[in-house]
1. Has segment 11-30 got at least one residue that is at pLDDT 80 or above, of a type outside the set (D, E, K, R) and surrounded by 10 or more Cβ atoms within 10 Å (Cβ to Cβ)?
2. Among the residues of segment 31-53, what is the count of those that are modelled with pLDDT of 80 or more and either within 10 Å of the chain's Cα centre (by Cα) or assigned to a helix (DSSP H, G or I) (or both)?
3. Please work out if residue 58 is at positive phi and at pLDDT 65 or above.
4. Is it fair to say residue 65 is in a loop (DSSP other than H, G, I, E, B), loosely packed, with under 11 Cβ neighbours inside 10 Å, at pLDDT below 80 and not charged (D, E, K, R)?
Amino acid sequence: MSPIVATAARLVGQLDHDSYRTLTPWESEVAELVAQGFDLADPAQIPVIAEPLFRSLNCTVEFIPVMNVDDLQRGLEQWAQS
């Protein structure tokens, strides 16, 4: 196993086993899309999550915020009060 594949396997192994993963073509490369749910309570957590991937695998990481129904309801209530 190449060092890059071994590093990728180690990092992906740290993800929650309930995460969604798939390989797909993306901008003329093969991309692994990982949907991992976690509560980003502090934006300072982004480097903790992304830097091992940047440094070990030289990969691109994108974060796409999502919310559940409770978060949406709370946000709508705050918006209505503003």
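1. If we filter segment 11-30 for residues that are at pLDDT 80 or above, which is where we start, we get none.
Looking for residues that are at pLDDT 80 or above, of a type outside the set (D, E, K, R) and surrounded by 10 or more Cβ atoms within 10 Å (Cβ to Cβ), one finds none in segment 11-30, hence no.
2. 7
3. When the stated conditions are applied, residue 58 passes them.
4. Working: in a loop (DSSP other than H, G, I, E, B): yes; loosely packed, with under 11 Cβ neighbours inside 10 Å: yes; at pLDDT below 80: yes; not charged (D, E, K, R): yes.
The answer is yes for residue 65.
The values are calculated or read from the model by the stated rules, or taken from the named source; none is laboratory data. The structure presented is a predicted model; accordingly, all values stated were derived computationally and were not measured. For neighbour counting, all protein chains shown are included, and Cβ atoms are generated from backbone atoms with ideal geometry for every residue, glycine included.
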